[in-house]
Amino acid sequence: MPLRLIQLCLLLILSAGASLGQAKPLQVGITEVPPFVIKNEQGEWEGISIDLWRAVAREQQLEYEWVPLSFTELLNQVESGKIDVAVGALTMTADREAAFDFSHPFYQTGLSIGVPHTPKHGILQSLKALFSWEFLSVIVALGLLLFAVGIVLWVCERRANPEQFGGKASEGIGASFWWAAVTMTTVGYGDKAPVTLAGRLVALVWMFAGLIMVASFTAAITSSLTVSNLQYQIAGPQDLPGSTVATIPDTASARYLEDNHVVHRDYPSLTEAMQSVLDGRTDAVVYDRPLLQFRNQQLGEQRLDLVPAIFEQQLYALALTAGSKLREPISEEILRITESEEWRAIQAGYLEDPK
């Protein structure tokens, strides 16, 4: 009896050891964030981070299962240990490093700004500005003012000075209009001049008023001709204060805007944030450069202009549960892959601009 009991115990121990030896597949959490994690039309996962992980798992002979999660759930579950690895576009930060471990970074980028597209300024744009309603309204208003001054002067001069402002009403008013125009522009040909006291008082007032009118008219013309040239009102992060900026909540871009006291509106997705700029509801969008770049390609002719400046450097890495034994081998594999031609080809396949 004791012998059989011993045999039974040994059998149970061996069975338990065999069960423990069958390691279950790694739970790999992912959240859709193109171009790093994309769900294609066939329902399969692809993207820069997905291709990277597949290469790592292949070389390390790791079995795994995809676990699709929201971004918030992804962070919470890797921290709690419910998933083994988080794959996506996770920025390395001090707060996150305290909650879980990061692999070696595989992508370096930063924040970028998207602004409404404005065609390059040229002769055609200048000509269009000359025929804009703003410009024409200034011309009409100036013409009416010259006409009014001309009538006042004609009333004062038509009887006492018929040689210069006499004749038919149309002729006299036309001469007064001419006088008002050349006086305002300080050209003063001297071919016509008032002789009455009232006419000279009108002329004196108009001479001083003309200086103001010329300055105002010049400013109006300059504004009309150059407004279309101001295509980069926002040329860098220093221009963001005073603008309304679109972004995604609980991200590095949102924290940057909050820290720098920039007025911003949160949108649930990058596509909606970019659409708000296209619709004129916001002035710009701030987000990670590669994500903006990828989404912008999908907008086609309606794409935004991406400001060249990149700021707030970011490093993307895989996230693992704190103290994970996989950290070292995975980091070594990432270093090997990111130094290869294969890695450059992977990035180009998703970020290369087709235009």
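Determine whether Arg255 is of a type in the set (D, E, K, R), part of a loop (DSSP other than H, G, I, E, B) and either open to solvent by 60 Å² or more (accessible area, probe 1.4 Å) or modelled with pLDDT of 95 or more (or both). Taking the combined requirement at face value, the residue does not satisfy it. Among residues of region 214-252 being hydrophobic (A, V, I, L, M, F, W, C) and open to solvent by 90 Å² or more (accessible area, probe 1.4 Å), the one that is modelled with the lowest pLDDT is Leu230.
Conditions tested, residue by residue: (1) open to solvent by 30 Å² or more (accessible area, probe 1.4 Å); (2) on the phi > 0 side of the Ramachandran plot; (3) of a type in the set (Asp, Glu); (4) touching a Cys at 6+ places or on another chain (Cβ under 8 Å).
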{"position": "Leu145", "(1), (2), (3), (4)": "yes, no, no, no"}
{"position": "Val149", "(1), (2), (3), (4)": "no, no, no, no"}
{"position": "Val155", "(1), (2), (3), (4)": "yes, no, no, no"}
{"position": "Arg158", "(1), (2), (3), (4)": "yes, no, no, no"}
{"position": "Gly167", "(1), (2), (3), (4)": "yes, yes, no, no"}
{"position": "Gly172", "(1), (2), (3), (4)": "no, no, no, no"}
{"position": "Phe177", "(1), (2), (3), (4)": "yes, no, no, no"}
{"position": "Ala180", "(1), (2), (3), (4)": "no, no, no, no"}
{"position": "Thr183", "(1), (2), (3), (4)": "no, no, no, no"}
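Pairing residues of region 146-157 that are within 20 Å of Leu211 (Cα to Cα) with residues that are open to solvent by 40 Å² or more (accessible area, probe 1.4 Å), at Cβ distances under 7 Å and at least 6 apart in sequence or on separate chains, gives Leu146/Phe177; Phe147/Phe177; Gly150/Phe177.
Can you tell me which residues in region 245-299 are of a type in the set (Gly, Ala, Ser) and more than 11 Å from the chain's Cα centre (by Cα)? Ala252, Ser253, Ala254, Ser269, Gly280, listed by residue number.
Every condition in (1) of a type in the set (A, V, I, L, M, F, W, C); (2) touching a residue at least 40 places away in the same chain (Cβ under 8 Å); (3) under 28 Å from Ala86 (Cβ atoms) holds for Val277 except the one numbered (3). Within region 193-213, the set of residues being part of a loop (DSSP other than H, G, I, E, B) and either under 12 Å from Val152 (Cα atoms) or open to solvent by less than 50 Å² (accessible area, probe 1.4 Å) (or both) comprises Ala193, Pro194, Thr196.
Quick grid of which residues meet (1) farther than 21 Å from Ile48 by Cβ; (2) in a helix (DSSP H, G or I):
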{"residue": "Pro268", "(1), (2)": "yes, no"}
{"residue": "Ser276", "(1), (2)": "yes, yes"}
{"residue": "Thr282", "(1), (2)": "yes, no"}
{"residue": "Gln293", "(1), (2)": "no, yes"}
{"residue": "Asn296", "(1), (2)": "no, yes"}
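Among the residues of region 280-288, are any closer than 20 Å to Leu74 by Cβ and either surrounded by fewer than 19 Cβ atoms within 10 Å (Cβ to Cβ) or in contact with a helix residue (DSSP H, G or I) (Cβ under 6 Å, 6 or more places away or on another chain) (or both)? There is at least one residue in region 280-288 that is closer than 20 Å to Leu74 by Cβ and either surrounded by fewer than 19 Cβ atoms within 10 Å (Cβ to Cβ) or in contact with a helix residue (DSSP H, G or I) (Cβ under 6 Å, 6 or more places away or on another chain) (or both). The helices (runs of 4 or more DSSP H) falling completely within region 36-141 that include 2 or more residues that are farther than 22 Å from Tyr256 by Cβ and either modelled with pLDDT of 95 or more or open to solvent by 40 Å² or more (accessible area, probe 1.4 Å) (or both) map to 48-60, 71-80, 123-130.
The values are calculated or read from the model by the stated rules, or taken from the named source; none is laboratory data. The model shown is predicted, which means the values in this text are computed figures rather than measured ones. For neighbour counting, all protein chains shown are included, and Cβ atoms are generated from backbone atoms with ideal geometry for every residue, glycine included. These area figures cover heavy atoms from the full protein model, side chains too; ligands, DNA and RNA do not enter into them. Shrake-Rupley method; radii C 1.70, N 1.55, O 1.52, S 1.80 Å.
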